[in-house]
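Heads up: the structure comes next, in structure tokens.
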Amino acid sequence: MMYPYLTLNDDTEITHSEMSSDGRVKVYIETPDPRGGFYHATCFLPDHTWQDVSGYSETQMFFFKQLIRDNAHLILEFAQEGGFEYASNF
């Protein structure tokens, strides 16, 4: 299951999975493109491994990498709690 984490002004959606038994969390980023499809990228925490990046520029990926890096501690916590709306401290 994927949980919503953040929606940006350009309708980019950032979601995350539950934490797997090996401690990894999948973070998925998706932005509508002008042709009716989506740009997307996947990051795995806690090691910040990126894969399946499609449609984003280097500048956009720099922004997303920094955003995920700055929020990784929260995403990892929420992944253990069942998403943001179920997190005990918020």
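Tabulated data for the structure shown
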{"item": "Accessible area of the chain belonging to carbon and sulfur atoms, whole % at 1.4 Å probe", "result": "50"}
{"item": "Heavy-atom surface of the chain, accessible at 1.4 Å and reported per residue (Å²)", "result": "62"}
{"item": "Whole-Hz ³J(HN,Hα) from phi, Karplus 6.51 cos²θ - 1.76 cosθ + 1.60, for the range 65-81, glycine and proline x", "result": "4, 5, 4, 5, 4, 6, 10, 4, 4, 6, 4, 4, 5, 5, 5, 7, 9"}
{"item": "Relative contact order (percent, whole number), the chain, Cα cutoff 8 Å, 6+ residue spacing", "result": "24"}
{"item": "Neighbour net charge for LYS65 - beta-carbon separation under 14 angstrom, K R +1, D E -1", "result": "-2"}
{"item": "Distant-in-sequence amide H partners of TYR56 (H built 1.01 Å from N, under 5 Å)", "result": "HIS40"}
{"item": "Net lengthening on full extension, THR49/ASP10 (0.36 nm per residue, minus Cα-Cα)", "result": "11.6 nm"}
{"item": "Per-selection Rg to Rh, the chain - Cα, Kirkwood hydrodynamic radius", "result": "0.97"}
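The values are calculated or read from the model by the stated rules, or taken from the named source; none is laboratory data. None of the values given here were measured: they were computed from a predicted structure. Every residue, glycine among them, receives a Cβ derived from its backbone with ideal geometry; neighbour counts consider all protein chains shown. Note: areas computed on protein heavy atoms with side chains; ligands, DNA, RNA excluded. Shrake-Rupley method; radii C 1.70, N 1.55, O 1.52, S 1.80 Å.
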